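For reference, the structure discussed in these notes is given below.
The values are calculated or read from the model by the stated rules, or taken from the named source; none is laboratory data. Keep in mind that what you see is a predicted model, and the values were worked out from it rather than measured. Ideal geometry is used to build each Cβ from the backbone, glycine not excepted, and the neighbour counts take in all protein chains shown.
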Amino acid sequence: MPDAMFCYQCQEAMKNLGCTTRGVCGKTAEVSNLQDLLVYLLKGIAFWGTRGRALGVIHAETDLFVAQALFATITNANFDPDRFIELISQAVSRRDALQEAVQARWEQQHGEPWADSVADWAAWTPEAYNLEVLGEKSLQVGVMADETLDEDIRSLRELIIYGLKGMAAYTEHAYVLGEEDPELLFFMQDMLEAVTTADHSVDALTAFVLKTGAMGLRAMALLDQANTGTFGHPEITQVSLGVRPGPGILVSGHDLLDLDELLQQTQGTGVNVYTHSEMLPAHAYPAFKKHPHFAGNYGGSWWHQREEFESFGGPILMTTNCIVKPKESYIDRLFTTGQAGYPGCAHIPDRKPGEQKDFSVLIALAKTCPDPTPLEDKAITTGFARQTVLEHAGAVIDAVNSGEIKRFVVMGGCDGRSKTRQYFTDVAETLPEDAMILTAGCAKYRYNKLELGEINGLPRVLDAGQCNDSYSLIRTAQALAEAFKVQDVNDLPISYDIAWYEQKAVIVLLVLLHLGIRKIRLGPTLPAFLSPNVVSVLVRNFDLQPTASVLEDVTAIMAGE
Ligand code: FSO
Ligand code: SF4
């Protein structure tokens with residue numbers, strides 16, 4: 001396979017233009033191109049899926065497969081070419097089964113064979129599932145394959161696809177916990193079909209972007225229901241950052257069911273369980289807190305993992321993104337599961353019906369490993385999801401009325417490697433003491449270990465949870481709007497200073513735009529996939545703005561600008 005690729009789906013895209021030979025994330029050209037081909041074939045499933053629905057043909061497993069496959073292509077989730085070859089092969093066979101059923105139903109209903117033309121993505125079948133054949137095709141189907149495509153159309157199409165990827169991740173997490181919403185799966189295919197439709201104008205695609213935000217909100221609500229319904233509502237919780245004597249397993253990513261099963265399987269084994277990065281908020285759930293061996297959080301956000309996984313010393317489980325190229329020193333202790341994957345790392349297989357995943361190999365390995373090396377010795381507070389905030393609504397409202405809280409600043413999103421992300425630490429430190437920070441996602445690690453004090457007994461940084469728990473922040477804003485009898489959420493004393501990295505942050509952004517939230521600051525850079533005209537539309541309609549200097553932004557935020 002050649003070394004040419006094109007990917008600009010995340011904030012770390014090379015020179016904020018795009019990665020063209022190898023991803024800054026470590027993704028090879030080979031994997032990037034296979035991901036392009038997989039998305040191309042998902043459009044083929046959408047071709048038949050959308051037509052099938054009109055005829056009453058629904059393949060529910062294939063609908064979910066589309067979400068899982070989209071999830072596998074998000075930044076830093078899966079680097080394994082073999083996994084993508086397998087997904088491509090599944091996509092083709094599922095697509096062909098759907099095609100057969102749709103055409104048969106058509107003939108049954110119309111009394112004549114299907115005669116409509118069929119797009120290449122809905123029909124192309126490789127002669128073999130190997131890198132040579134798939135690689136050659138993949139070069140014809142990527143983001144830049146059609147050089148003549150209008151740049152605004154390309155930009156809006158990709159914005160929709162990246163939003164769908166984030167939505168797919170959230171939807172899949174909800175499905176794993178038994179919360180289902182087929183409309184979300186149908187919508188993903190409607191949009192995959194829409195982005196292949198040549199006559200959709202800029203205006204039509206812009207409307208689809210906002211519809212994607214609306215459905216993103218629905219996906220986040222579904223996941224919130226799944227998480228809180230299964231594990232209880234998060235409670236205010238002090239999480240230790242230190243280590244205990246005894247071996248441990250470190251869990252990263254977002255999948256709470258994986259954590260749940262691991263906690264059950266490690267019970268009474270003498271092996272402690274620690275969280276890393278986005279798994280930190282799990283400590284706030286009643287179902288997990290009850291385990292005495294759920295020991296604490298180890299380290300910081302995802303991109304510190306090369307040092308932290310090394311010093312942890314024991315097995316590490318990556319349940320989703322964000323994976324960084326592992327060092328030799330720990331690659332044989334690094335395990336992936338679900339949609340995550342890395343060549344050379346052992347993968348824990350999916351659950352068999354009615355059974356848990358089998359984590360015994362990690363537990364056995366942990367017992368042979370040294371105890372984790374301590375990194376720091378303090379505690380941080382999490383658990384300010386919607387229920388907790390509502391329980392403390394009185395204190396919050398009193399503090400606003402008395403002037404103790406002048407402004408809320410939503411600083412959710414992702415962390416990343418760029419030095420310019422120091423901006424978010426500096427903003428948190430520079431905001432005056434009457435500003436309360438609401439956060440969710442791994443962006444919080446830029447300031448959640450600072451001593452920023454309290455307001456009216458509440459910490460100045462209220463951590464709602466993982467990036468998907470931005471849903472809680474939205475519910476908090478809506479509750480404040482109700483309490484202060486404000487019609488338009490933009491009239492609340494809330495500002496948005498969002499850090500983004502990958503496609504889950506893209507769907508969160510689209511959700512905020514769908515809710516009509518204006519004056520969002522987005523950093524550390526605007527997405528490379530937004531064309532200048534698309535940026536202008538977002539600026540004109542939503543006052544979206546790139547982050548500027550810390551002082552400029554803090555001054556403007558406190559002035560409500
Ligand atoms: Fe972070 Fe990675 Fe949660 Fe993302 S660990 S960057 S937006 O995967 O999903 O916040
Ligand atoms: Fe580059 Fe980001 Fe794409 Fe990785 S995901 S190849 S860093 S744009």
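Here is how the numbers come out for the structure above:
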| read-out | value |
| --- | --- |
| Residue, farthest from ligand 2 (Cβ to nearest atom), within region 482-528, restricted to residues that are among the hydroxyl-bearing types (Ser, Thr, Tyr) and within 18 Å of residue 409 (Cα to Cα) | 495 |
| Condition broken by residue 296, with the remaining ones in (1) surrounded by fewer than 24 Cβ atoms within 10 Å (Cβ to Cβ); (2) touching a strand residue (DSSP E or B) at 6+ places or on another chain (Cβ under 7 Å); (3) outside any strand (DSSP E or B); (4) not basic (Lys, Arg) satisfied | (3) |
| Residue tally, condition of a type in the set (Val, Ile, Thr) and either under 14 Å from residue 504 (Cα atoms) or crowded, with 22+ Cβ neighbours inside 10 Å (or both), over region 151-194 | 3 |
| Residues located in region 112-139, provided they are outside any helix (DSSP H, G or I), free of Cβ contacts under 8 Å to residues at least 24 places away in the same chain and loosely packed, with under 14 Cβ neighbours inside 10 Å | 112, 113, 115, 116, 117, 127, 128 |
| Matching residues in region 304-330 - criterion: being surrounded by fewer than 21 Cβ atoms within 10 Å (Cβ to Cβ) and either part of a helix (DSSP H, G or I) or within 16 Å of ligand 1 (Cβ to nearest atom) (or both) | 304, 306, 307, 310, 311, 324, 325 |
| Filter result for residue 89 (within 16 Å of ligand 2 (Cβ to nearest atom) and among the hydroxyl-bearing types (Ser, Thr, Tyr)) | no |
| Any hit, region 461-475, residues being more than 25 Å from residue 305 (Cα to Cα), modelled with pLDDT of 95 or more and surrounded by fewer than 22 Cβ atoms within 10 Å (Cβ to Cβ) | yes |
| Residue list for region 401-415, restricted to those being on the phi > 0 side of the Ramachandran plot and touching a residue at least 60 places away in the same chain (Cβ under 8 Å) | 413 |
| Residue identified as in a helix (DSSP H, G or I), more than 16 Å from ligand 1 (Cβ to nearest atom) and under 19 Å from residue 169 (Cα atoms) among 15, 43 | 43 |
| Matching entry among 333, 386 (being closer than 21 Å to residue 280 by Cβ, without any contact (Cβ under 8 Å) to a residue 60 or more places away in the chain and buried (at least 16 other Cβ atoms within 10 Å of the Cβ)) | 333 |
| Looking only at region 499-558, and only at residues there that are hydroxyl-bearing (Ser, Thr, Tyr) and farther than 23 Å from residue 169 by Cβ, the one that is farthest from ligand 1 (Cβ to nearest atom) | 555 |
| Lone unmet requirement of (1) assigned by TED's automatic domain parsing to the domain that holds residue 105; (2) more than 16 Å from ligand 1 (Cβ to nearest atom); (3) of a type in the set (D, E, K, R) for residue 3 | (1) |
| Qualifying position, being more than 16 Å from ligand 2 (Cβ to nearest atom) and in a helix (DSSP H, G or I), among 84, 65 | 65 |
| Condition met for residue 44 (in contact (Cβ under 8 Å) with a residue 24 or more places away in the chain, outside the structural domain of residue 320 (by TED's automatic domain parsing) and more than 22 Å from residue 180 (Cβ to Cβ)) | yes |
| Residue 366, sole failed condition from (1) without any contact (Cβ under 8 Å) to a residue 60 or more places away in the chain; (2) within 28 Å of residue 272 (Cβ to Cβ); (3) in a helix (DSSP H, G or I); (4) not aromatic (Phe, Trp, Tyr) | (1) |
| Hits in region 72-81 - residues which are more than 14 Å from ligand 2 (Cβ to nearest atom) and either farther than 15 Å from residue 342 by Cα or outside any helix (DSSP H, G or I) (or both) | 80 |
| Residue within region 415-430 that is within 28 Å of residue 231 (Cα to Cα) and either surrounded by 14 or more Cβ atoms within 10 Å (Cβ to Cβ) or of a type in the set (D, E, K, R) (or both) present | yes |
| Some residue of region 96-104 being hydrophobic (A, V, I, L, M, F, W, C), at pLDDT 95 or above, surrounded by 22 or more Cβ atoms within 10 Å (Cβ to Cβ) and assigned to a helix (DSSP H, G or I) | yes |
| Selection status of residue 266, within 16 Å of ligand 1 (Cβ to nearest atom), β-branched (Val, Ile, Thr) and touching a strand residue (DSSP E or B) at 6+ places or on another chain (Cβ under 6 Å) | no |
| Set 8, 40: member being modelled with pLDDT of 95 or more and either more than 25 Å from residue 136 (Cβ to Cβ) or away from ligand 2 (no atom under 16 Å from the Cβ) (or both) | 40 |
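One line per residue, one yes/no per condition, for (1) surrounded by fewer than 17 Cβ atoms within 10 Å (Cβ to Cβ); (2) within 16 Å of ligand 2 (Cβ to nearest atom); (3) at pLDDT below 95; (4) of a type in the set (Gly, Ala, Ser):
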site	(1), (2), (3), (4)
367	yes, no, no, no
382	no, no, no, no
395	yes, no, yes, yes
434	yes, no, no, no
444	no, no, no, no
458	no, no, yes, no
